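Structure record follows, encoded as structure tokens.
We did not get these values from a lab; they are worked out from the coordinates using the rules stated. As the structure is a prediction and not an experimental result, all values here were calculated from the model. Note that we place each Cβ from the backbone using ideal geometry, even for glycine, and neighbour counts take in every protein chain shown.
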Amino acid sequence: MELIDLAIVLVAALAAGRVAEAVRIPAVVGEIVVGLALGPTALGLVDPSHTLTFLAELGVLLLLFQVGLGLETEELRAVGTPAVRVAVIGVVVPFAAGYAGALALGVDGTAALFLGATLVATSVGITARTFGDLGALDRIESRVVLGAAVADDVLGLVVLSVVVKLASTGTISVVEVAKSLVFSVGFLVVAFGVGIRVVPPLFSWIRRHIPGTSASNVSALVLMLVLAEGAARAELAPLIGALVAGMLVARTDVAEPVSRGTAPLAAFLVPVFFVTVGIDVDLSALASGTVLALAGVLFTIGVGGKLVAGFGAGGRVEQERIDRLLVGIGMVPRGEVGLAFAAAGLSAAVLDDDRYAAVVLVVLATTVAAPLLIRWRLGARPDDGQIADTATS
């Protein structure tokens, strides 16, 4: 039965993506919407399953791996300062405003902290897919967003560790917070520091001694899985490990054949992730007026906070004028990271079902809205690689 479900998902993703592109909507939006329709609370044609979940997780890892293949370490380093500014603002403003907004709606203090925390992280997978589909991954704005999303993940981990500890013990352990920060930053430093020295010569050896491209492709996928697992063990999102793996392979002499070799697998699995996002949403839990009111407040704060963060990028990067609004829009989607934060609150019995449902609705709304807004912003600006910034003109 799970095989039939997978077949339905693949056909539906293909059809929805084509229809969406035909009406000038990003394919990712069509895939999420068709997932909503296929799910158990709508047409009931496909049920969530371990198989779909696994393939979806593999698909989003491949997506970030492909993004990493198109990046150079120097490119992210060049936008490091504005990316960190965007990340810090994008953590502080949504968290503080989300906490205050939840308190204003009568949510108790600890639950309000968790709701604020769910607005912190950015889902790099959604934005990367949209920029990629629109041929805009080489823009400086997309590099700022990718760098900021990585920093977001590290800072979000610290925020989550603080609120979880506060919820469970009523106190905050500086040692635990420092430990989480050291683990996450340490993973990135070690992965890049060691990887830059080891991966290029290793892949050169593989290319010389094993004929054909299959060995390089398999080795690249193994590296992706190992670093994704390493990121997870460092309490970072596995997506960050996949992105790092792609960036390391991009420094080798087999980057182009690996990109060509893994592209068909990504084309097969990436849409499964976005359809599964829709399938996993319980539409019946979103019918409550209380849920909708809380979701509306959180959505407004979540979008507004990230748009404000976009202005942290500054007016120019590498002598190029930067569209700060586009950067802010790119930071909007919460995706699977926001859901993970909310799930932590639910498992700790801090968030009830209604509040969890409100977070799910916010995640879904930001996931659908961001690609539409990115397409609108790119279409509204001249496509010359140096987008004008209306805020600085």
Legend entry - Inter-label distance, nm, simple model (7 Å from Cα along the C-beta direction), L292/F192: 4.6 nm
Inset, instruction - Starting with the fewest neighbours, write out D354, D108, D133 ranked by other beta-carbon atoms found within 10 Å of each beta-carbon. - result: D108, D354, D133
Legend entry - Calculated on alpha-carbon atoms, Rg and Dmax of the chain in Å: 20.4, 66
Inset, instruction - Compute the semi-axes of the equivalent ellipsoid of the range 208-320, taking the square root of 5 times each eigenvalue of the Cα gyration tensor, and list them largest first in whole Å. - result: 37, 23, 13
Inset, instruction - Take every Cα pair under 8 Å in the chain that's 6+ residues apart, average their separations, divide by the length, and report that relative contact order as a whole percent. - result: 28 percent
Inset, instruction - Find how much the distance from L181 to V226 grows on full extension, using 0.36 nm per residue of separation minus their present alpha carbon separation; answer in nm with one decimal. - result: 14.1 nm
Legend entry - Of the DSSP H helices in the chain, those whose Cα atoms cover at least 20 Å axially and whose Kyte score averages 0.5 or more: 2-22, 50-69, 80-104, 140-169, 174-209, 214-233, 255-279, 289-310, 353-380
Inset, instruction - Quick one: among I126, I329, I206, which has the greatest mean-square fluctuation in a GNM of the chain with alpha-carbon springs under 10 angstrom? - result: I206
Inset, instruction - Tell me what the chain gives for mean residue ellipticity at 222 nm when only DSSP H runs of n ≥ 4 count, each as -39,500 (n - 2.57), the sum divided by the residue total, rounded to 500 deg cm²/dmol. - result: -25500 deg cm²/dmol
Inset, instruction - Note down the magnitude of the dipole of the chain about its Cα centre, charges +1 on Lys and Arg C-beta and -1 on Asp and Glu C-beta and zero elsewhere, to the nearest 20 debye. - result: 780 debye
